[in-house]
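Visitor: Please see the structure below; I have some questions.
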Amino acid sequence: MEGFFFYFRLNNCPMSSPTREKAFTPFKLRSLTLKNRFVKTAANEGMIRDGLPSERLIEHHRRVAQGGIGLTTVAYGAVNPDGRTHETQMYLRPEVMPGLKKLTDAVHNYAAAASIQLTHCGFFTNNRLVTGKRPLAPGRILNNYGLLSGIFMSREMTTADCRLLTADFANSARLALDAGFDAVEIHMGHGYLLSQFLSPRFNRRKDEYGGSLQNRLRFPLEVVAAVRKAVGEDVPVLCKVNLSDGFRGGLDIDESVLVAQALEKAGVDALVLSGGFTSKTPFYLMRGDVPLWDMIKAEKQWQHKAAFAVFGRFIIGKYEFSENFFLPLALKIRQAVKMPLVYIGGVVSSKGVEEIMNAGFDLIAIGRALIYDPDFILNIMKDPNHVSLCNHCNICVAEMDKDGVKCVLNDNLMST
């Protein structure tokens, strides 16, 4: 019935062009048919409590489903305990299944689909419970994020470690299906483990897992193959990948094109095109203001508060916001592959949606505009001139480290 009312609204709302109208048409990924082309991106919610999904997390995704999203993505499902960036984060295990099932049921009630992001942090961790105080990574790497917690250096992964972690990704994907998720997203971006393997700056191994891009791709492709086998042929497998790491010596757009082509050949169903490296360029993806003092106030460890206060303005780069800011880079991927692509980066208006559809992208992922207004999709459907009033202050980034992500500009149901 919800699908009928959505169709009725769609056909009784003004459309600026057939291209924009396409964004509100169904899209199929394997056996999954999405009711429209909009994806709630996997932006960290900060709503896990004691390692378990909270009622706020469930309400967060229920609310964007009510607001018309086609696919909502639960952020950061670590594939094992050491894959967490901090101790209270969620990792996929039987204990989290009831809460996640409640979440997917709530989303399905609005004819929306649900995906979950599967990931491992690699060396980027402040998790004091990590085995031996030495997180796994492509090599021995200084862990600036964990220095004040005594987690100084990572341990270079062995071939056996790669195989065990590949199995963890596969097992987590199976658990996701048991929890009612319709798709899974493998996180290969933002400077987490698989991104670290892809980045020439951090993967300097001398074995079959390092050196050439073909070798740096080996472990991520093994994970893709294992996850595909785990979920079967009907379930969509998406990958979030970096267009660029955002710093010299990191993964750049030329190699990202080759990564996309390799993932297309491996049978990945769609790529989410992102960018930035959490440990070096955290606001490369966000763009806009850097709310340093809000981040300091939100930080729970006094050592990190002090470090942010002294060094934060020197180490956290600021990037100016512009609408659809990743489009020039994303177009290079669009020209190189035929597979479905999910555009992300600065979509804040009806006109912006039309531009992305005109550029040939299949799906559009949205973050902050939905945090500001969970009805953003319905509003751009009704108004061909709608523009989000999100001002890109990015205080929501600090809020996620307090009680969970919310917009300080707009007290709506996303912040209840």
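The values are calculated or read from the model by the stated rules, or taken from the named source; none is laboratory data. Please read these numbers as outputs of a predicted model, since none were measured by experiment. Cβ coordinates were reconstructed from backbone atoms using ideal geometry, including for glycine residues, and neighbour counts include every protein chain displayed. Surface areas here come from the heavy atoms of the whole protein model, side chains and all, with no ligands, DNA or RNA. Shrake-Rupley method; radii C 1.70, N 1.55, O 1.52, S 1.80 Å.
Visitor: Cβ-Cβ below 9 Å, separation at least six or inter-chain, first residue in region 95-106 and among the aromatic types (Phe, Trp, Tyr), second open to solvent by 80 Å² or more (accessible area, probe 1.4 Å): which pairs?
Guide: none
Visitor: For region 163-188, name all the residues that are outside any helix (DSSP H, G or I), in contact with a helix residue (DSSP H, G or I) (Cβ under 9 Å, 6 or more places away or on another chain) and more than 15 Å from Phe219 (Cβ to Cβ).
Guide: Across region 163-188, the qualifying residues are Ala179, Gly180, Phe181, Asp182, Ala183, Val184.
Visitor: Could you list, in sequence order, the residues of region 318-347 that are farther than 23 Å from Phe283 by Cβ, under 17 Å from the mean Cα position of the chain (by Cα) and assigned to a loop (DSSP other than H, G, I, E, B)?
Guide: If the condition is that a residue be farther than 23 Å from Phe283 by Cβ, under 17 Å from the mean Cα position of the chain (by Cα) and assigned to a loop (DSSP other than H, G, I, E, B), then Pro340 is the only one that fits.
Visitor: Being among the β-branched types (Val, Ile, Thr), modelled with pLDDT under 95, open to solvent by 40 Å² or more (accessible area, probe 1.4 Å) and within 26 Å of Cys396 (Cβ to Cβ): is that true of Ile315 here?
Guide: In short, yes.
Visitor: Only one of these is closer than 26 Å to Leu147 by Cβ, out of contact with any Lys or Arg (no Cβ under 6 Å at 6 or more places or on another chain) and of a type outside the set (A, V, I, L, M, F, W, C): Arg56, Arg128. Name it.
Guide: Result of the check over Arg56, Arg128: Arg128.
Visitor: Working only within region 243-274, note down all residues that are charged (D, E, K, R) and farther than 23 Å from Glu320 by Cβ.
Guide: Asp254, Glu255, Glu264, Lys265, Asp269
Visitor: Still on this model: Could you list, in sequence order, all residues of region 182-208 that are open to solvent by 10 Å² or more (accessible area, probe 1.4 Å) and among the aromatic types (Phe, Trp, Tyr)?
Guide: Tyr192, Phe202
Visitor: Which of the residues belonging to region 246-266 are open to solvent by 30 Å² or more (accessible area, probe 1.4 Å) and at positive phi?
Guide: Gly249
Visitor: For the list (1) open to solvent by 50 Å² or more (accessible area, probe 1.4 Å); (2) at pLDDT 95 or above; (3) out of contact with any Leu (no Cβ under 8 Å at 6 or more places or on another chain), I need the number of the one condition that Lys133 fails.
Guide: Result: Lys133 passes all but (2).
Visitor: Still on this model: Can you name every residue in region 199-227 that is under 17 Å from the mean Cα position of the chain (by Cα) and within 20 Å of Asp254 (Cα to Cα)?
Guide: The answer is Pro220, and nothing else.
Visitor: Please verify whether Gly122 is in a loop (DSSP other than H, G, I, E, B), more than 24 Å from Arg368 (Cβ to Cβ), open to solvent by less than 10 Å² (accessible area, probe 1.4 Å) and not hydroxyl-bearing (Ser, Thr, Tyr), treating the condition exactly as stated.
Guide: For Gly122, the condition - in a loop (DSSP other than H, G, I, E, B), more than 24 Å from Arg368 (Cβ to Cβ), open to solvent by less than 10 Å² (accessible area, probe 1.4 Å) and not hydroxyl-bearing (Ser, Thr, Tyr) - is met.
Visitor: For region 358-384, enumerate the residues that are in a helix (DSSP H, G or I) and open to solvent by 10 Å² or more (accessible area, probe 1.4 Å).
Guide: Listed by number, the residues that qualify are Asn358, Arg368, Ile371, Tyr372, Leu378, Asn379, Lys382.
Visitor: Take region 136-162 and flag every residue that is assigned to a helix (DSSP H, G or I), open to solvent by less than 10 Å² (accessible area, probe 1.4 Å) and within 21 Å of Leu92 (Cβ to Cβ).
Guide: Result: Cys162, single match.
Visitor: Let me ask you something else. Output the residues belonging to region 270-300 that are charged (D, E, K, R) and either part of a helix (DSSP H, G or I) or more than 16 Å from the chain's Cα centre (by Cα) (or both).
Guide: Lys280, Asp289, Asp294, Lys297, Glu299, Lys300
Visitor: Kindly list, by first and then second residue, each pair from a residue in region 329-345 that is within 15 Å of Ser274 (Cβ to Cβ) and open to solvent by 10 Å² or more (accessible area, probe 1.4 Å) to a residue that is of a type in the set (Ser, Thr, Tyr) and at pLDDT 95 or above, limited to pairs with Cβ atoms under 7 Å and residues at least 6 apart or on different chains.
Guide: Leu329/Ser244; Ile344/Thr41; Ile344/Ser274
Visitor: Against the conditions (1) under 30 Å from Leu32 (Cα atoms); (2) touching a Ser or Thr at 6+ places or on another chain (Cβ under 8 Å), where does Ala359 fall short? Just the number, please.
Guide: Of everything listed in (1) under 30 Å from Leu32 (Cα atoms); (2) touching a Ser or Thr at 6+ places or on another chain (Cβ under 8 Å), Ala359 misses just condition (2).
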